[in-house]
Amino acid sequence: MTKDRTQTLLELLIQVNREVAAALDLRTVLQRLLFAATKNVGGERGSIVVLDDNGKPIDATIIYGKSLREHTTQQLKETVDHGLAGWVVQHREAVLVPDTSKDERWVRRADDETNRIAKSAICVPLIAREHLVGVLTLVHSRPNVFNLEHLDLMKAIADQASIAVFNARLYNDLQNAHQRYRELFEESIDPIFITDWEGRILEANREATRLSGVRAEELRQMSIDQLHEIKWNITGIEFENLRTDDERIYESVLHKADSGAVPVEVHARCVKFEETDSIQWTLRDITERKELDSLRDDLTAMIYHDLRSPLGNIVSSLDILSGLTGQDESVRSVLGIAVNSTERIQRLVNSLLDINRLESGQTIATQKAVDPRELIELAVKDAHPSAAGRNQKLETNLPKRLPNVWVDMDMMRRVVINLLENAIKFSRVESVIEAGAKMDGANVQFWVKDNGPGVPANGRERIFEKFARLKGKDGPGGLGIGLAFCRLAVQAHGGKIWVESEMGKGSKFIFVLPVMKETVVRN
């Protein structure tokens, strides 16, 4: 390369760099690059097509002389999929075409009035950091106008252009992301606050101002702890727990401007806000949920207190009748049904009471050493009448010996009965239901296996929540407290419970309890 040519090339690169250095907007960068290319290389028209990471066209600029031309998405797709630009995109190589009429890679567009006229063209890839970010094409209306020197100039421009386009594309993506965030931020149905790491409020959406009753300008003079009581054990004293990608959730109360208060569920996480790490606080109004919980608690208390006394009278009366029935089988059968039904109601009432106790954090004071085999056998015996009514068979799968567990016998017996009655309810008539236990490391594993419809994957956690039910249109109903009681009771004994299921092939409810330690004093 001669000294004069090197000087010319350097001047060109400086000029191109000067043209695009002051712009980040993608369209502006593309236009400046194209005009610089046509001015310094020649050509009567040109185009730059910008590609995403998958090689799909996302934007373009086309010029004819000094005028910009409109384009369609379909035109961009055809440009990249076919023709000279498509070949360059595929091979990542620059191309000089002295005569387009003699090159099969040149696609003649139907809307081009100069289709039948031979032209000359140069097409170069734009590659930045090993990413193909676009393709640059220059066209002259006469053949043999462009030569290798022009190709070198275009390659030099492409080297500058690729970085400029790459940066502009990143900037454009960032701006679009900020715009989408802003739109979601303002349109959210939940109050959202953005704070710095000192807790000072930087921004609040419309719903935040509406629910708090505080104007946006005033909110920006406040800190987030003035609006609600922060659970520092969850967020960290200096919000250090929020610097990870994990979202932290807790319940609190939003203090309103009129001295009112709204129960809220707080979702706090780290976000990028105006290029800075910030904290996003989403405060979801849970007033209706709290009211519903209160109603359910009232209903639970009413059921327990209003049923306990008459149930006691019924149980006493049935005990007396049992001694007066003599040998009349029909009377004894009817009485047996009444006794079994009463026992089921008692178990439900006791479970409701236990749920309240366990949720309030009360400890279990009536534990003793219990043989897991005895626990399973007693539960199966209690559930037998329900299974017999559906011609179902209850089987046990137990080893000859198992170590004792330290539990409340009545509570854990009701856990197994609950699982058995669920299995009976959801299994087919005349099917077999299995209850069993075995060693599992330092635990004893218990299970109840049914032949029901199965539990969908997205419901295997929810079914253990209070008042949650997963039933089909024709499926059996219930209060939805049985499995909630099971989970609370098992967890209170230091164990855990879960379900394994295959749709259409039944479910296996499993829980484990720790083996009793020798240091435990037996009753």
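The values are calculated or read from the model by the stated rules, or taken from the named source; none is laboratory data. Note that this is a predicted model, so its numbers are computed, not measured. All Cβ positions, even for glycine, are placed from backbone atoms using ideal geometry, and neighbour counts span all protein chains on display. Side chains included, ligands, DNA and RNA excluded: accessible areas come from the protein's heavy atoms. Shrake-Rupley method; radii C 1.70, N 1.55, O 1.52, S 1.80 Å.
Quick notes
- Calculated P(r) of region 198-255 - Cα pairs past 19 Å, %: 34 percent
- Dimensionless Rg/Rh of region 44-170 - Kirkwood Rh, Rg from C-alpha atoms: 0.93
- When ARG243, ARG373, ARG69 are compared by accessible surface with a 1.4 Å probe, the order from highest to lowest is ARG243, ARG69, ARG373.
- Distance distribution P(r), region 304-421, all Cα-Cα pairs, bin width 5 angstrom from 0: 2, 9, 16, 17, 19, 17, 12, 6, 2, 0 percent.
- Amide H contacts under 5 Å for ALA261, placed H, 5+ residues apart: LYS256
- Solvent accessible area, Å² - ASP306, 1.4 Å probe, full protein context: 100 Å²
- Cut-off 14 Å between beta-carbons: net charge of the residues surrounding VAL89, Lys and Arg +1, Asp and Glu -1: -1
- C-alpha center-to-center spacing [region 352-431, region 219-246] in angstrom: 44 Å
- Stretchable slack from GLU288 to ILE117, in nm (0.36 nm times residue separation minus alpha-carbon distance): 54.2 nm
- Column: log10 I(q)/I(0), Debye, Cα scatterers of region 35-96, q = 0.12, 0.19, 0.21, 0.29 Å⁻¹: -0.31, -0.78, -0.93, -1.27
- Under a 5 Å amide H cut-off, with hydrogens placed 1.01 Å from N, VAL253 pairs with GLU229, VAL264 among residues at least 5 apart or on other chains.
- Length gained when the stretch ASN458-GLU217 is fully extended (0.36 nm per residue, less Cα-Cα span): 82.5 nm
- Partner lysines for LYS505 [C-alpha distance under 27 Å; skip if fewer than 8 residues away on the same chain]: LYS381, LYS393, LYS425, LYS438, LYS449, LYS466, LYS471, LYS473, LYS496
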